[in-house]
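Shown next, in structure tokens, is the structure this report addresses.
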Amino acid sequence: MKLRGRNKVSPEFSMSSMTDIVFLLLVFFMLTSNSPNALDLLLPKAKGKSTNTQNVSVSIKKNLQVYIDSDRVRESQIESKLKAKLAGQDTPTIILRAEEGVPIEKAVNIMDIANKNKYKIILAVRPE
């Protein structure tokens, strides 16, 4: 009398379904993540340390468009928008992100606004 069944249980594990799930999660998180400073700027290179204190980011693109954080701003409105964003801050700080090739006068204009209003200003660069 034979009591064993015909079907054998195989203890093997297939990783293909697990890799599919991990890949789909990776794609999902890449699509749903967003960055507040999503402007594509090529910053100049320099040696120095990076800082984590950031109150307001001012970006100047090659075509001379100015952005405060991610909002495009006209040149005549820069000072008023900065005052509104930095009102009530203990140590108001501006991170200046001037793309490579931007005329120095545009960066100096932002620095003058910061100096006149007693704001700290940091020039963002690419690490070498």
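The values are calculated or read from the model by the stated rules, or taken from the named source; none is laboratory data. Computed from a predicted structure; not experimentally measured. Ideal geometry is used to build each Cβ from the backbone, glycine not excepted, and the neighbour counts take in all protein chains shown. Note: areas computed on protein heavy atoms with side chains; ligands, DNA, RNA excluded. Shrake-Rupley method; radii C 1.70, N 1.55, O 1.52, S 1.80 Å.
From the list Val102, Val58, exactly one residue is open to solvent by less than 50 Å² (accessible area, probe 1.4 Å), outside any loop (DSSP other than H, G, I, E, B) and either at pLDDT 90 or above or out of contact with any Pro (no Cβ under 8 Å at 6 or more places or on another chain) (or both). Which is it?
When all the criteria are applied, what remains is Val58.
Find all pairs meeting these conditions: Cβ atoms under 7 angstrom apart; at least six residues apart or on different chains; first residue within the stretch 48-72 and of a type in the set (Lys, Arg); second residue at pLDDT 85 or above and assigned to a loop (DSSP other than H, G, I, E, B).
Taking only residues 6 or more apart or on different chains, the pairs are Lys61/Glu99; Lys62/Glu99; Lys62/Gly101; Lys62/Val102; Arg72/Gln65.
Considering the stretch 56-81 alone, what residues qualify as being of a type in the set (A, V, I, L, M), more than 10 Å from Ile110 (Cβ to Cβ) and more than 14 Å from the chain's Cα centre (by Cα)?
Leu64, Val73
Scan the stretch 105-125 for residues that are within 14 Å of Ser59 (Cβ to Cβ), open to solvent by less than 70 Å² (accessible area, probe 1.4 Å) and not in a helix (DSSP H, G or I) and jot them down.
Passing the criteria: Ile121, Ile122, Ala124, Val125.
When you check Leu82 against the structure, is it open to solvent by less than 30 Å² (accessible area, probe 1.4 Å) and either touching a helix residue (DSSP H, G or I) at 6+ places or on another chain (Cβ under 8 Å) or in contact (Cβ under 8 Å) with a residue 24 or more places away in the chain (or both), yes or no? Outline the logic, then answer.
Working: open to solvent by less than 30 Å² (accessible area, probe 1.4 Å): yes; either touching a helix residue (DSSP H, G or I) at 6+ places or on another chain (Cβ under 8 Å) or in contact (Cβ under 8 Å) with a residue 24 or more places away in the chain (or both): yes.
Yes, satisfied.
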